[in-house]
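What follows draws every value from the coordinates through simple rules; no lab data is involved. For clarity, every value in this text was computed on a predicted model and none was experimentally measured. Here Cβ is always computed from backbone atoms with ideal geometry, including for glycine, and neighbour counts include all displayed protein chains.
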Amino acid sequence: MEDFTPINEYLKANPSYEPRKKSPIGGICLVAGGIALLVLSVEMPLRDTPQMVLFSLGCLTAIAGAIALFVAAFSDSGRYRFKPTGVLLRRYERYINNADRMLCHEILRKGSFEQLKSLRTENSTGIRLRIYLSDDHTSALVQLEECSPYQFAATTPVVSVDGDDARHIAALIGR
């Protein structure tokens, strides 16, 4: 079996694509809300039950916001942006029936994406298509992966498609 570059590594190595980070807005709002609750609890008379409730809520909200900020700073959203056009790519996975393995290889090798409608999809199998499709369905990156022990490994090179072929891929995702 040949050694193919996984689609995630392809996207990271290609300077035309950049990962989109998660937005920190939710975390910032939670931290600000937690601080506001803490300030309100300080304004109340000491040893009062509502003060303790507000203080606890403020602490929990601020901690949740800090965790959300940490997650946003150190993880990606699974989306990439194609720099020349600014269009966003979203990740999809479709599991293919094992009997259609060779047909799927042929479709990717020959580029005959109109045959994708004949593929049978499953909830979970040992064969999957990893797809990055643009939000406007005009371009896509596709790679076939097969399950080796405990993980999926790429079995085809990354295929980049545009136009009608990308729409055929979008139709596969839509069903």
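Annotations for the structure displayed:
- Helix content alone sets the calculated 222 nm mean residue ellipticity of the chain: runs of n ≥ 4 DSSP H residues at -39500 (n - 2.57) each, divided across all residues, give -13500 deg cm²/dmol.
- Hits among aspartates and glutamates - C-alpha to C-alpha of LYS22 under 13 Å, sequence gap 8 or more where chains match: ASP76
- Whole-angstrom gap from the range 85-147 to the range 1-42, using each part's C-alpha centre: 26 Å
- Its relative contact order, with pairs defined as Cα atoms under 8 Å and 6+ residues apart, puts the range 2-122 at 27 percent.
- Dipole of the chain, positive direction: furthest Cα of GLN115, ILE96, CYS29, with charges on the beta-carbon: CYS29
- Alpha carbon convex hull of the range 1-104, volume per residue in cubic angstrom: 174 Å³
- Taking all pairs of distinct alpha-carbon atoms in the chain, Kirkwood radius in angstrom: 19.1 Å
- Shown in residue order for the range 160-174 are the 3J(HN,Hα) couplings computed by the Karplus curve 6.51 cos²θ - 1.76 cosθ + 1.60 at θ = phi - 60°: 9, 10, 9, x, 4, 4, 5, 5, 5, 5, 4, 5, 4, 5, x Hz (x for Gly and Pro).
- Rg [Å, one decimal], Dmax [Å, integer] - the range 25-74, C-alpha atoms: 11.9, 40
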